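Colleague: Structure in structure tokens, see below.
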Amino acid sequence: MVNTIKQKSMQIAASITGCLLDIGHRLTSARKAAQTKLNKSLSNLYRSMETQMISPMQKGVVLAKVQTPDPSVLGELDLRTLPKYICYKAALQKEKTTYQTISLVLIALLCSLFLYSRYEAYQFSNQLRKKEYILAPGSFDFTPVRAHKVSDKYVQQTVSEYLVLLGNITPDAVEDQYENLKKYMSKDLAARFGAESNEWIEKVKKDNVTETLQISSKEIQSDGNGNYKLEAIAKRSIFSSNQFLSSEPEKIQMKIRLVYPDNNRKKNWYLEIYELSRNKHQQKKK
């Protein structure tokens, strides 16, 4: 009985195992069939999607490609032309520098020429002014002259002006007159005249002295080179507080020369006194 039960149990187990194996085979077959069907469907779907997608040509763009750049090309710069470019720029810079140097030299020459021409014109103007014009004492008018020569009329007027400043004095004007006269003297003579006239000026102011000078004759000699010699005979009268003191003849001698402008003293030609003397005149007895 026990054996019978074992046999039946084994039969049942065998049948169950066969059923399970059959089920497993069927499931494996079904899985494979489903997988094959799924792969086929996916393949068909992918093909349909490819046919329906817009191609790069339809988009108007180039399909991206992996490219290896040329080592001689950097961006838009072709390195193969770099040596030629460097030579070109060097030549261009050299030419530019040369033109700049030439321009600077020409500008310097033109400036020098302009300055020299202005200086020459200034010097010529000074020389022309020295040779053509003279300003008379006490006058603001220019008198045309030639170098080392002035008209006799001008010399006569100038000498008369000097004699007036020297001899016709009053207490109020004596100092100004002598100072004005010293402007037309040489430096040495002006220094001597100032030292010698100080005592006389003090006396004129203190004693209220008035002096008049009446010219009776006047002679001027010229050497033709701008040098003049004056000899004048005059009557010198002296008054004090309107009271007559004395009157005596006097001989006045001057040596005068024509002097070109000196910016430190005079800006125009003038007649300069470089010697002056006043002495009593001894009239010759007949």
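Colleague: For GLU231, only one of the following conditions fails: (1) free of Cβ contacts under 8 Å to residues at least 60 places away in the same chain; (2) out of contact with any strand residue (DSSP E or B) (no Cβ under 8 Å at 6 or more places or on another chain). What is its number?
Modeller: Going through (1) free of Cβ contacts under 8 Å to residues at least 60 places away in the same chain; (2) out of contact with any strand residue (DSSP E or B) (no Cβ under 8 Å at 6 or more places or on another chain) one by one, GLU231 breaks only (2).
Colleague: Determine, yes or no, whether ALA108 is outside the structural domain of TRP269 (by TED's automatic domain parsing), modelled with pLDDT under 60 and either in contact with a Gly (Cβ under 9 Å, 6 or more places away or on another chain) or of a type in the set (A, V, I, L, M) (or both).
Modeller: When the stated conditions are applied, ALA108 does not pass them.
Each row is one residue, and each column tells you yes or no for (1) hydrophobic (A, V, I, L, M, F, W, C); (2) outside the structural domain of SER247 (by TED's automatic domain parsing); (3) surrounded by fewer than 16 Cβ atoms within 10 Å (Cβ to Cβ).
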{"residue": "GLU161", "(1), (2), (3)": "no, no, no"}
{"residue": "VAL164", "(1), (2), (3)": "yes, no, no"}
{"residue": "TYR178", "(1), (2), (3)": "no, no, no"}
{"residue": "MET185", "(1), (2), (3)": "yes, no, no"}
{"residue": "ALA190", "(1), (2), (3)": "yes, no, no"}
{"residue": "ASN198", "(1), (2), (3)": "no, no, yes"}
{"residue": "VAL204", "(1), (2), (3)": "yes, no, no"}
{"residue": "ASN208", "(1), (2), (3)": "no, no, yes"}
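Colleague: Still on this structure, I have one more. Do any residues in region 151-173 that are in contact (Cβ under 8 Å) with a residue 12 or more places away in the chain have Cβ atoms under 9 Å from those of residues that are part of a helix (DSSP H, G or I) and of a type in the set (Ser, Thr, Tyr), where the two are at least six apart or on different chains, and which pairs are they?
Modeller: Cβ pairs passing all conditions: LEU165/TYR178; LEU166/TYR178; ILE169/TYR178.
Colleague: Quick one: in region 272-286, of everything that is more than 21 Å from ILE201 (Cα to Cα) and at pLDDT 85 or above, which residue is surrounded by the fewest Cβ atoms within 10 Å (Cβ to Cβ)?
Modeller: TYR274
Colleague: Given (1) of a type outside the set (S, T, N, Q); (2) loosely packed, with under 10 Cβ neighbours inside 10 Å; (3) at pLDDT below 60, where does LEU74 come up short, assuming only one miss?
Modeller: (2)
Colleague: Also, quick follow-up: Sort through SER217, SER237, SER247 and tell me the only one that's touching a residue at least 12 places away in the same chain (Cβ under 8 Å) and surrounded by 14 or more Cβ atoms within 10 Å (Cβ to Cβ).
Modeller: From the options SER217, SER237, SER247, the qualifying one is SER237.
Colleague: Check LYS266, LYS255 and return the single one that is assigned by TED's automatic domain parsing to the domain that holds GLU161, at pLDDT 90 or above, closer than 22 Å to SER160 by Cβ and not hydrophobic (A, V, I, L, M, F, W, C).
Modeller: On the way: LYS266 fails: at pLDDT 90 or above.
The conditions single out LYS255.
Colleague: Of a type outside the set (Ser, Thr, Tyr), at pLDDT below 65 and surrounded by 10 or more Cβ atoms within 10 Å (Cβ to Cβ) - does that describe any residue in region 29-51?
Modeller: Within region 29-51, none of the residues are of a type outside the set (Ser, Thr, Tyr), at pLDDT below 65 and surrounded by 10 or more Cβ atoms within 10 Å (Cβ to Cβ).
Colleague: Next question. Of the conditions (1) over 21 Å from SER160 (Cβ atoms); (2) aliphatic (A, V, I, L, M); (3) at pLDDT 90 or above, ALA234 fails just one. Which one is it?
Modeller: So ALA234 meets the others, but not (1).
The values are calculated or read from the model by the stated rules, or taken from the named source; none is laboratory data. Just so it is clear, the structure is predicted and the values come from calculations on it, not from any experiment. Virtual Cβ from ideal backbone geometry, glycine too; neighbours counted across all protein chains shown.
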